[in-house]
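Engineer: Before I ask anything, let me first share the structure, which is written out below as structure tokens.
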Amino acid sequence: MGKKPETLRRIGMLLALLLCVALVASPAWAMGHGKKPAIKKAILLVTFGTSVPRAQKVFTLVDKAYRKAFPGMEIRWAYTAKFIRDKVAKKGLVWLAPEEALAKLMAQGYNRIAVQSLHVIAGAEFHDLLRVVHGFNGMSYGFKALVGNPLCATTGDIKRVVEAVLKAAPKARKKGEALVYMGHGTAHPGGVAYPAIAYVIGLHDPLAFLGTVEGYPTLEDVKAKLLAHKVKTAYLLPFMTVAGDHAMNDMAGDEPDSWKSVLQKAGIKCKPVIKPITEDPQVIQVWIDHTKTVLKHFK
Ligand code: CO
């Protein structure tokens, strides 16, 4: 011991002195306006998350498709649902919140972040993400993060997604059998996308319908249409990023208020398909294209 703290104190003083000199001699540098840092890009994929291991398969598919589309690019993930992050943490998985992932990227010197929303529509979670990303912009000199649109942001997106989704409909479907898609739904203004999606689905296939768990159109709306069309059999499919809790319980569960139970009670035989629309490469491509649009701003 003895001498060491004294040496450290001297080094500290020297560093402080050097810093003072630097500050006086180069105020621009001190304010961060000196040499521009090299551009270091990354993609941050942001999703709600799911604690259902089987449903996590889609994340692997999206990750693979992104690595193929953007070779050599740093690709990270973040999950917006705290209760899900806490749940998977008990299994030893470290899932970061968007703000944690952005802070980490910033600390590691990444300064151009394409944050891709893996949400279906521009609802509450998407807008929360915009606010988080907005907060990060300007925190450090040269740091820029932009958010890529969710899956069904524009009418063009909706047409593209619906066409891909209907093309991937179960091949075993016979004439007269209906397709019933279950969207999440929301009271957020962005929820207007759901009736738009339902409309486009109907234009393509008169026996394909979309309802939502928590918004409009409702299951009752869909049921009325199925009965009006005298549908005897319907496939139930989640129009969601993951086929997790909502798909397994609200859609295909045995509880009396599940979509399957309600429709079967009305005389419609149900065939639930626990597979999200987002396992389709054509659908993933829509997100990839949204990310490409963001990256164009990072020249
Ligand atoms: Co939900």
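The values are calculated or read from the model by the stated rules, or taken from the named source; none is laboratory data. Small disclaimer: the values here were computed from a predicted structure and weren't measured. Positions of Cβ are generated from backbone atoms using ideal geometry, with glycine treated the same way; all protein chains shown enter the neighbour counts.
Engineer: Restricting attention to region 171-187, and to residues there that are touching a residue at least 60 places away in the same chain (Cβ under 8 Å) and within 21 Å of N249 (Cβ to Cβ), which single residue is farthest from the ligand (Cβ to nearest atom)?
Structural biologist: In this case the residue turns out to be V180.
Engineer: So, A97, is that one at pLDDT 95 or above, surrounded by 14 or more Cβ atoms within 10 Å (Cβ to Cβ) and either of a type in the set (D, E, K, R) or over 24 Å from G185 (Cα atoms) (or both) or not?
Structural biologist: no
Engineer: Scan region 126-138 and tell me whether some residue there is more than 24 Å from V58 (Cα to Cα), in contact (Cβ under 8 Å) with a residue 40 or more places away in the chain and crowded, with 18+ Cβ neighbours inside 10 Å.
Structural biologist: Looking through region 126-138, none of the residues is more than 24 Å from V58 (Cα to Cα), in contact (Cβ under 8 Å) with a residue 40 or more places away in the chain and crowded, with 18+ Cβ neighbours inside 10 Å.
Engineer: Could you run through region 222-255 and say how many residues are more than 19 Å from I121 (Cα to Cα), touching a residue at least 12 places away in the same chain (Cβ under 8 Å) and more than 11 Å from the ligand (Cβ to nearest atom)?
Structural biologist: Total satisfying the criteria: 15.
Engineer: Looking at region 201-218, which of the residues that are within 17 Å of K271 (Cβ to Cβ) and surrounded by 20 or more Cβ atoms within 10 Å (Cβ to Cβ) is farthest from the ligand (Cβ to nearest atom)?
Structural biologist: A208
Engineer: Which condition breaks for S258 when tested against (1) away from the ligand (no atom under 16 Å from the Cβ); (2) buried (at least 16 other Cβ atoms within 10 Å of the Cβ)?
Structural biologist: (1)
Engineer: Kindly evaluate D289 against the criterion of being acidic (D, E), closer than 21 Å to A65 by Cα, surrounded by 17 or more Cβ atoms within 10 Å (Cβ to Cβ) and within 21 Å of the chain's Cα centre (by Cα).
Structural biologist: Against the criterion (acidic (D, E), closer than 21 Å to A65 by Cα, surrounded by 17 or more Cβ atoms within 10 Å (Cβ to Cβ) and within 21 Å of the chain's Cα centre (by Cα)), D289 does not qualify.
Engineer: Just need a number here: residues in region 71-90 that are within 18 Å of L44 (Cα to Cα), of a type in the set (D, E, K, R) and surrounded by fewer than 17 Cβ atoms within 10 Å (Cβ to Cβ).
Structural biologist: Result for region 71-90: 2.
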